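Engineer: Below you will find the structure I want to go over with you.
The values are calculated or read from the model by the stated rules, or taken from the named source; none is laboratory data. Predicted model, so just to flag it, every value in this text is computed and none were measured. Cβ coordinates were reconstructed from backbone atoms using ideal geometry, including for glycine residues, and neighbour counts include every protein chain displayed. Surface areas here come from the heavy atoms of the whole protein model, side chains and all, with no ligands, DNA or RNA. Shrake-Rupley method; radii C 1.70, N 1.55, O 1.52, S 1.80 Å.
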Amino acid sequence: MSDPLVAGPNTTGAFMRNTQLPSGEQLPVLGLGTWHMGERPQKRQDEIGAIRYAIDHGMTLIDTAEMYGDGAAEALIGEALAGRRPEAFIVSKVLPHHATRQGTVVACEDSLRRLGTDYLDMYLLHWPGPVPLDETLEAFDALRRAGKIRHWGVSNFDTSDMEELLSLQGGDAVATNQVLYNLTRRGIEFDLLPWCRQRKIPVMAYSPLEQGRLLGNSALQRLAAEYSATPAQIALRWVLRDDLTIALPKAGTPDHVEQLRSALDIPLSTQDLAALDAAFPPPKRKRPLEVI
Ligand SMILES: NC(=O)c1ccc[n+]([C@@H]2O[C@H](COP(=O)([O-])OP(=O)(O)OC[C@H]3O[C@@H](n4cnc5c(N)ncnc54)[C@H](OP(=O)(O)O)[C@@H]3O)[C@@H](O)[C@H]2O)c1
């Protein structure tokens, strides 16, 4: 993308680095994931605190899905954001088997009810599924015209899926592709990432910490020690190294959110990036898109 880097205060007045949607609208490069939130009563207060802390500190992009806890994550977000909806940029997702012309509208309305809002900022097709894509696009367009969603996008779409999408009428209105991306899952660097960048379609990286499995890696631990940081911070900083990709880590406590937010302050050098390339080599050929 050209000139995507605009840093400044956002809806909450907190300072955050931004990127932009194809429409030119700014959104933070760092948001908060919510998969598995809202599922355990004993974690609820920490999770609500995590979402509020994120919003207070500029991580206003909150990612969820009807699938997460069968709506429990959306309900938790609704509770956390009561009275402060306009400060957040909420992304939710429709399950592929719901994504018919009518089913998408019903699923969206259910998500809105759980979230306690009358619009989503972004609505994604969770992964390519059995319903013909043009039906889902028609539904997205109807929802957009009705003011129930502001933007729509896709998730887990490989390059060929994106090409098919863009060949459809209205497909070029796609505003993002949310995919798995972290140090151990670099396949998209070979073709999907440059393909999206060329078309100014921002990529949202999910599971940027590889769900925590990445954090015991010795190269990460070495770098973390050099910066008096944690492996989670270095792993996240790497995803955000060029301000072109949006990262959506999940953190279930305010402390974890604070660690992730402050990862943006770590100045990774060319040598650090080379050390990470040696430990986690970039792809040399096309790999099918990996998913979690
Ligand atoms: N579109 C899709 O198909 C798709 C698929 C997967 C995920 N997603 C989205 O992406 C989000 C993130 O992915 P993810 O949840 O799979 O995994 P992730 O963000 O890679 O990792 C989450 C794990 O990292 C831990 N963590 C967070 N901050 C930490 C810190 N500072 N120090 C140590 N550990 C830390 C969390 O623990 P705590 O909870 O204890 O903080 C949690 O166990 C999801 O929540 C979801 O919104 C989308």
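Engineer: Give the peptides 169-181, 101-113, 40-52, 62-74 in descending order of average Cβ contacts within 10 Å, highest first. List each step's numbers first, then the result.
Structural biologist: Working: 169-181: 19.9, 101-113: 18.2, 40-52: 16.3, 62-74: 22.3.
The densest-packed peptide leads the list: 62-74, 169-181, 101-113, 40-52.
Engineer: Pop the C-beta distance of Glu79 and Gln211 into the FRET formula with R0 = 22 Å and round what comes out to the nearest 0.05. List each step's numbers first, then the result.
Structural biologist: Numbers: r = 24 Å, r/R0 = 1.11.
E(calc), rounded to 0.05, equals 0.35.
Engineer: I would also like to ask the following. May I ask which residue of Pro130, His98, Thr64 lies farthest towards the positive end of the charge dipole of the chain, with charges of +1 (Lys, Arg) and -1 (Asp, Glu) on Cβ and the Cα centre as origin?
Structural biologist: It is Thr64, whose Cα lies furthest towards the positive end.
Engineer: Can I ask one more? Let's see if you can work this out: charge +1 on each Lys and Arg Cβ, -1 on each Asp and Glu Cβ, no other charges. What is the dipole magnitude of the stretch 14-127 about its Cα centre, in debye to the nearest 20?
Structural biologist: 80 debye
Engineer: Quick check for you: which residues of the stretch 126-156 have the amide N under 17 Å from the point 7 Å beyond the Cα of Arg101 toward its beta carbon?
Structural biologist: Backbone N within reach: 131-146.
Engineer: Moving to a separate point now. How long is the gain from Ala279 to Asp134 if the chain were fully straight, where each residue apart is worth 0.36 nm and the alpha carbon distance is subtracted? If you can, show how the numbers build up before the last one.
Structural biologist: Numbers: separation 145, 0.36 × 145 = 52.20 nm, distance 4.18 nm.
Computed gain between Ala279 and Asp134 is 48.0 nm.
Engineer: Please compute the modelled spin-label separation between Ser23 and Ser167, points set 7 Å along Cα→Cβ, answer in nm with one decimal.
Structural biologist: 2.8 nm
Engineer: In terms of Cα to Cα distance under 20 Å, which lysines are near enough to Lys284, apart from those fewer than 8 places away along the same chain?
Structural biologist: Straight-line reach from Lys284, under 20 Å: no lysines qualify.
Engineer: Between the stretch 172-237 and the stretch 34-71, what is the C-alpha centre distance in whole Å?
Structural biologist: Using only Cα atoms to place each centre, the spacing works out to 20 Å.
Engineer: Could you give the length gained on full extension between Asp243 and Gln221, defined as 0.36 nm per residue of separation minus the Cα-Cα distance, in nm?
Structural biologist: That works out to 5.6 nm of additional length.
Engineer: Right, another one. Please work out the average accessible area per residue across the chain, using the 1.4 Å probe convention, and give it in Å².
Structural biologist: Values: 12090 Å² over 292 residues.
Using a 1.4 Å probe on heavy atoms only, each residue of the chain averages 41 Å².
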